[in-house]
1. I'm checking my understanding of the structure. Among residues of the range A:261-300 that are of a type in the set (S, T, N, Q) and open to solvent by less than 50 Å² (accessible area, probe 1.4 Å), which one is farthest from A:SER347 (Cα to Cα)?
2. Starting from residues that are out of contact with any Pro (no Cβ under 8 Å at 6 or more places or on another chain), open to solvent by less than 10 Å² (accessible area, probe 1.4 Å) and within 10 Å of DNA strand C (Cβ to nearest atom), keep the ones in the range A:168-197 and report whichever is farthest from A:GLN63 (Cα to Cα).
3. Looking at A:LYS191 and the list (1) over 16 Å from A:ILE167 (Cα atoms); (2) within 26 Å of the chain's Cα centre (by Cα); (3) outside any loop (DSSP other than H, G, I, E, B), which single condition is not satisfied?
4. Could you tell me whether any residue of the range A:311-321 is in contact with a Lys or Arg (Cβ under 8 Å, 6 or more places away or on another chain), farther than 30 Å from A:SER183 by Cβ, within 15 Å of DNA strand C (Cβ to nearest atom) and assigned to a strand (DSSP E or B)?
5. Restricting to the range A:312-364, name every residue that is open to solvent by 60 Å² or more (accessible area, probe 1.4 Å), of a type in the set (A, V, I, L, M) and over 28 Å from the mean Cα position of the chain (by Cα).
6. Go through the range A:326-336 and count every residue that is away from DNA strand B (no atom under 12 Å from the Cβ) and either of a type in the set (Asp, Glu) or touching a His at 6+ places or on another chain (Cβ under 7 Å) (or both).
7. Has the range A:331-343 got any residue that is more than 16 Å from DNA strand C (Cβ to nearest atom), within 27 Å of A:ALA107 (Cα to Cα) and either in contact with a helix residue (DSSP H, G or I) (Cβ under 7 Å, 6 or more places away or on another chain) or without any contact (Cβ under 8 Å) to a residue 24 or more places away in the chain (or both)?
8. Against the definition (away from DNA strand B (no atom under 12 Å from the Cβ) and closer than 30 Å to A:GLU313 by Cα), how does A:VAL264 come out, yes or no?
Amino acid sequence: MQQQRTPTGSSSDLSVSIMEEKEQLKLPNPGSCGVHLKRQLLLSWYAQSGRDLPWRRCRDPYQIWVSEIMLQQTQVKTVIPYYHRWLEQFPSLESLTVANLQQVLKAWEGLGYYSRARNLHRAAQKIVQEYGGVFPRQLQEVLALPGIGPTTAGGILSAAFNQPVAILDGNVKRVLTRLVALSVPPAKAMKQLWQISEALLDKEHPRDFNQALMDLGATVCTPKNPNCTSCPWKDSCQAYNLGIQSQLPMRELSSPLPHKTIGVAVIWNEQGHILIDRRRPEGLLGGLWEFPGGKIEPGETIEECIKREIQEELNIEIEVGDRLITINHAYSHFSITLNVHHCRHLSGIPQPVECDEIRWVTLEEIDQFPFPKANIQIIAALRQNAE
DNA sequence: TACACGTGGGT
DNA sequence: TACCCAAGTGT
């Protein structure tokens, strides 16, 4: 049974307790027994309880890179099917390079944060041009690739080449926050957290150590109801020994998400084709296709909104008809209600005023194009209607 | 530093 | 239902 201890009575060498809020982090003595023991305990735990994940079965930097990008802000369970499909379609860095962006976005469809796919594609070209298609091993070179920040760089270099580069992903952040009982939200202490991650890293076993740290966060030191009794670090965990593990990490105050009401048009022409447009390559859902529409203005009806937006965005006249479906969808920073109506094309040739490209497509062809999730619901509704 | 950037699952 | 959270990066 673990004894409760006060912060001052702790033997930890990573003491940033809530009692010492303003005090600078004391870095551990690199050779100290505390750090050495923690490494040993964690690596033993990992050998026993670590996860068996697909990307851990190889040392190919390309495959590990793909996994690291997919795993950004995304759970392992979600990534695994995408990861296998991706490697079937783009088995090598070279094959990714020669693919076009639409194919890449289609393979990414549904994963979200589509700039990851765009950057993966761009970075692949850069690796071919600047490094002859060989994934670079220098930290500075890896960091210079689009879509790769400090955590992903550390993840790749440690996993693929066993280089001693630290990481600080969400799992590690939570583990370290509890280990030192960090008294501020992690975003306010990034520098300290990086220092701790670097100080703890086992330079003899960086690959296993980093993977172990992430597994600990994902399976033991979980956001809710952490399983502290099975944690290899419980003896030196400040939060556990203070009994406050479930209250950490501290939350940032969050304001309510704004909500937008959108009018969306499924525009039919006389041939029974549907109009879709490709969004500009940057920003929200960049490069994906969608059904055109826009935000409702004060005092406007949905029908008026759709007619106006289509006139402004495509420079055509339409007749707004029956409602097809209403969709509520939550993004990370706002939520929307999509009011989708069938519409009839009356006159004018659609112009890409606020988008990159316009197409008239059939319900059969539409699957070739990458769409955001909310729009896939519209396509499903169209299919049901067609039956 | 703070915010934009998707989606699915958990409570 | 509504909110939180997840292998972060770019600006």
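The values are calculated or read from the model by the stated rules, or taken from the named source; none is laboratory data. Because the structure is a prediction, the values reported are computed rather than measured. Please note: Cβ atoms are built from the backbone with ideal geometry, for glycine as well, and neighbour counts cover all protein chains shown. Note: areas computed on protein heavy atoms with side chains; ligands, DNA, RNA excluded. Shrake-Rupley method; radii C 1.70, N 1.55, O 1.52, S 1.80 Å.
1. Once the filter is applied, the top-ranked residue is A:THR261.
2. A:VAL175
3. Of the numbered conditions (1) over 16 Å from A:ILE167 (Cα atoms); (2) within 26 Å of the chain's Cα centre (by Cα); (3) outside any loop (DSSP other than H, G, I, E, B), the odd one out for A:LYS191 is (1).
4. No, the range A:311-321 contains no residue that is in contact with a Lys or Arg (Cβ under 8 Å, 6 or more places away or on another chain), farther than 30 Å from A:SER183 by Cβ, within 15 Å of DNA strand C (Cβ to nearest atom) and assigned to a strand (DSSP E or B).
5. Within the range A:312-364, A:LEU346, A:ILE349, A:VAL353 qualify.
6. Going through the range A:326-336 one residue at a time, the tally reaches 0.
7. Yes.
8. Taking the combined requirement at face value, the residue satisfies it.
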